[in-house]
Amino acid sequence: MSDSTITPNYSQLASKLAACEGLSLQDIALADLTTLRLGGQPRLTAVASTPEAAVQALRLCDAAQVPVLAIGGGSNLVVADGPLELVAVVMDFDEVRVDADSGIVRAEAGAVWDDVVAASVEAGLGGIECLSGIPGSAGATPVQNVGAYGAEIADVLTRVRLYDRHSDTVEWVEASALELSYRYSNLKFTQRGLVLDVEMRLSTDGLSAPLRFGQLARELGVAEEEDTPRRPVAEVRTAVLALRRGKGMVLDDADPDTYSAGSFFTNPIIDSADVDTVRANVAALVGDEEAAQMPVFASGEGRAKLSAAWLIERAGFHRGHPGPDAPARLSTKHTLALTNRGSATSAELVALAREVRDGVRERLGVTLEPEPIWVGVGIDDV
Ligand SMILES: Cc1cc2nc3c(=O)[nH]c(=O)nc-3n(C[C@H](O)[C@H](O)[C@H](O)COP(=O)(O)OP(=O)(O)OC[C@H]3O[C@@H](n4cnc5c(N)ncnc54)[C@H](O)[C@@H]3O)c2cc1C
């Protein structure tokens, strides 16, 4: 991080970055790099075509005491409007190696995640088919332990090749050292390192991971009594992509419901002792019958996970809120996605996020936490 007494010399830094093999300086605003299509102009944007170049970019920025933002697919970022005092480093190295015999898959950080899933499924490997259609890069998947439809990267990740900024070393780090948990790892919010490669061990019998998600199991015709059902990987990928498309959760240039950062809030995890209070708040607002249907999942000793989307809807925020003329609104397919209809500013999106968070807190007594990474702006700022 930069020291306020030092004024970074960006032109000197630009010359050093430009001289690095595998780095190219480009004039790109963050709005062109994020799926929300929001965000101002960084001081510099360096595109790294090799892992070595990405590491070198971070080293030079750290030496100049300049803030850095690593960017893969920009699909989990909320970035401030206006000029940004940082250097954006874009991961643009994307080799993928799939070993169908051993089930080992290695992907460089900049590989498009869904290409990695497609190649693995094509090779008949199982374990990541439920993560089909998640936007972004392979290198970012451990950062928030991406997950969907009952699976998460933690289930299959063996290790990552990490550049550690504090020790200035590159080494393979076991997945167990990343503290992977629900939408979290010790790489999220910490900027401690740069993932250069991910390695996964997948199953080689052509079948998916056990189907744990009711909606997906129903889509695949799984009978209630079937114990740990598994299906051919390609079948599961097709079903997941269809479900995701229906919710605007697969990027599509033609569909502004996908100009988002995916699920904007994590599912809240609360003390089990507080569940009845939340249920009573729901009942007071929308009636006992609705309150009885409140989804509650066990989440470790004495903790319960609620559904953020369900709470948002019960608090009175419907799809498309606040209405068809608003430049920032909830997706018309899914209340958990905040979308930029094309002309929104970050400030407008942040105001919408705050309105939803505050509304759910005031009416139901639950504080929703945003899932994406915030850059230069916070939910209470503008
Ligand atoms: C339509 C849509 C649907 C989504 N669905 C899901 C879903 O089902 N499940 C889910 O978990 N997420 C989902 N997301 C969120 C997002 O796609 C994931 O979090 C994804 O892994 C982000 O990857 P990225 O490359 O775009 O990361 P970016 O947005 O570029 O970066 C996110 C964070 O990771 C850091 N980062 C990026 N690359 C690296 C690296 N190589 N090393 C270290 N840090 C890095 C960045 O600095 C930043 O802090 C969705 C998003 C969208 C837009």
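How big is the equivalent ellipsoid of the chain along its three axes, where each semi-axis is √(5λ) from the Cα gyration tensor, reported in whole Å from largest to smallest?
34, 28, 18
When the dipole is taken about the Cα centre of the range 10-91, and only Lys, Arg (+1) and Asp, Glu (-1) are charged at their Cβ, what size is it in debye, to the nearest 20?
My answer is approximately 40 debye.
Pop the C-beta distance of I269 and D27 into the FRET formula with R0 = 45 Å and round what comes out to the nearest 0.05.
0.60
When N counts the residues of the range 170-239, how does its alpha-carbon radius of gyration compare numerically with 2.2 N^0.38 Å, as a ratio?
So the Cα radius of gyration is 1.51 times the expected 2.2 N^0.38 Å.
Among V233, V112, V222, which one moves the most in a GNM of the chain with springs linking Cα atoms closer than 10 Å?
Checking each option, the largest mean-square fluctuation is seen for V222.
For I373, what is the net charge nearby, where nearby means another residue's Cβ is under 14 Å from its Cβ and Lys, Arg count +1, Asp, Glu -1?
In short, +1.
Count the lysine pairs in the chain whose Cα atoms sit under 25 Å apart, keeping only pairs 8 or more residues apart in sequence or on different chains.
4
Taking only Cα atoms and a 10 Å spring cutoff, compute GNM fluctuations for the chain and point out the largest among I71, I270, I128.
I270
Using the Cβ atoms and a cut-off under 12 Å, what net charge is assigned to the surroundings of L131, where Lys and Arg are +1 and Asp and Glu are -1?
-2
Charges only on Cβ, +1 for Lys and Arg, -1 for Asp and Glu: so what's the dipole of the chain about the Cα centre, in debye to the nearest 20?
460
How big is the range 96-246 in terms of Cα radius of gyration and Dmax, in angstroms?
Gyration radius and largest Cα-Cα distance of the range 96-246: 15.4, 53 Å.
Once the cut-off is 21 Å, how many percent of the Cα-Cα pairs in the range 28-176 end up in the long-distance tail?
That fraction is 47 percent.
May I ask you to work out the translational diffusion coefficient for the range 256-375 at 25 °C, viscosity 0.890 mPa s, via Stokes-Einstein with Rh from the Kirkwood sum over Cα pairs, reported in whole µm²/s?
167
At 222 nm, what helix-only mean residue ellipticity would the chain give, in deg cm²/dmol to the nearest 500, using -39500 (n - 2.57) for each DSSP H run of four or more?
That calculation yields -7500 deg cm²/dmol at 222 nm.
None of the figures in this text is laboratory data; all of them are computed from the coordinates on show. These numbers come from a predicted model, not from an experiment. Reconstructed Cβ throughout: ideal geometry from the backbone, glycine too, with neighbour counts over all protein chains shown.
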